[in-house]
Amino acid sequence: METFLQVAVNGLMLGGLFAIVAVGLTLIFGIVKVINFAHGEFLMVGMYATFLLTTGLGMHPYVTAAAVVPILFVIGALTQRFIIQPLLAAHDEHIQIFATVGISTALINLALLLFGADIMSTPSYGLRSSIEIGSVRILTGQAVIFVAASVLVFGLHLFMSRTLWGRAIRAVAQNRAAAQLMGINVDRVYVLTFGIGAACVGLAASLVAPLYPTSPTTGTYFVLTAFVVVVLGGLGSLGGAFVGAMVIGLIDSLAGFYIGSDLREVAVFAVFLLILILKPSGLFGKQLNLSHVSP
């Protein structure tokens with residue numbers, strides 16, 4: 001029983017990691033209706049920024065979030081304003097997807113040009129040490145990520161339901177044309193949303209970098225799982241992304257221990273496909289919007 005409890009807790013901690021990466025992705029899709037295939041590369045950029053600030057200036061990885069989050073916000077906002085926005089009126093929506101794929105490829109190659117293919121490790125500052133709660137051991141860094149993911153989802157919920165900009169974002173998500181008729185600047189909302197989504201992954205980068213190696217292809221693994229989490233929870237659902245991340249984390253951990261580490265992804269995608277067959281909209285999906293976050 002103690003072994004099962006430890007494996008389950010490991011799964012929840014892993015779910016927190018998936019959640020903090022997936023939240024920004026589901027926010028962007030829920031509002032802008034664009035699948036951002038460069039999301040993993042935004043994470044990679046944030047991890048490199050964390051590495052440089054930590055090794056170059058001696059900053060604690062968590063302190064670097066004060067710089068990394070605004071940097072990613074600006075990158076996301078500029079991406080939406082100058083690359084995605086001009087393509088929103090295109091008749092073929094696939095053009096927007098191709099644009100994000102192009103951004104992804106460009107960022108990977110830029111990282112290879114600047115840093116090479118070598119794997120870099122951000123100093124952990126003791127974040128890989130474990131804390132004991134009864135018979136369960138948890139990595140300090142994983143516990144921080146889980147708490148941060150919970151706070152982030154709750155904070156975004158409050159922002160969406162209690163602030164003027166949050167209500168404007170929800171209005172655009174529900175009906176863009178009606179929002180425009182009510183005087184909402186839809187283009188500005190899109191830029192803000194994309195920026196917030198990228199800022200979320202910037203926070204994730206500062207939290208993840210001390211625990212995972214950084215390389216030009218680091219974001220690939222995380223974003224693949226994030227897509228599974230987002231679709232599983234329901235496209236555009238913040239709460240669904242969090243719950244979906246917990247489910248995927250548990251499946252990954254339990255399958256890795258009881259079935260075999262080489263079959264973890266098989267188990268994850270098998271359950272993922274099963275849920276989609278039974279409920280194609282995902283666990284909490286309705287009409288691919290964020291209306292469910294209203295109070």
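Observations on the structure shown:
- Only one entry in Val63, Val68 is assigned to a helix (DSSP H, G or I), of a type outside the set (Phe, Trp, Tyr) and under 16 Å from Ala209 (Cα atoms), namely Val68.
- Candidates Gly197, Gly244, Gly256, Gly202: the one that is of a type in the set (Gly, Ala, Ser) and over 22 Å from Val153 (Cα atoms) is Gly256.
- Filter result for Gly46 (closer than 18 Å to Leu211 by Cβ and in a helix (DSSP H, G or I)): yes
- Filtered residues of the range 14-38 (kept if within 25 Å of Val136 (Cβ to Cβ) and open to solvent by 20 Å² or more (accessible area, probe 1.4 Å)): Leu14
- Boolean, Leu87 is among the aliphatic types (A, V, I, L, M), modelled with pLDDT of 95 or more and open to solvent by less than 80 Å² (accessible area, probe 1.4 Å): no
- Count of the range 124-149 residues, restricted to those that are touching a Phe, Trp or Tyr at 6+ places or on another chain (Cβ under 9 Å) and either open to solvent by 40 Å² or more (accessible area, probe 1.4 Å) or of a type in the set (Lys, Arg) (or both), is 2.
- The sole residue among Leu232, Leu263 that is closer than 25 Å to Val153 by Cα and in a helix (DSSP H, G or I) is Leu232.
- Considering the range 101-141, the residues that are in contact with a Leu (Cβ under 7 Å, 6 or more places away or on another chain) and part of a helix (DSSP H, G or I) include one that is farthest from Leu43 (Cα to Cα), namely Thr140.
- Among the residues of the range 158-176, those identified as β-branched (Val, Ile, Thr) and surrounded by 18 or more Cβ atoms within 10 Å (Cβ to Cβ) are Ile169, Val172.
- Pairs linking a residue in the range 110-123 that is in contact (Cβ under 8 Å) with a residue 12 or more places away in the chain to a residue that is not in a loop (DSSP other than H, G, I, E, B) and not polar (S, T, N, Q), with Cβ atoms under 7 Å and 6 or more positions apart or on different chains, are Ala111/Met44; Ala111/Tyr48; Phe115/Tyr48; Met120/Phe51; Thr122/Phe51.
The values are calculated or read from the model by the stated rules, or taken from the named source; none is laboratory data. Everything numeric here is computed off the predicted structure, so don't read it as measured data. Heads up, the Cβs are rebuilt from the backbone with ideal geometry, glycines too, and the neighbour counts pull from every protein chain shown. Only protein heavy atoms, including side chains, enter the accessible area calculation; ligands, DNA and RNA are left aside. Shrake-Rupley method; radii C 1.70, N 1.55, O 1.52, S 1.80 Å.
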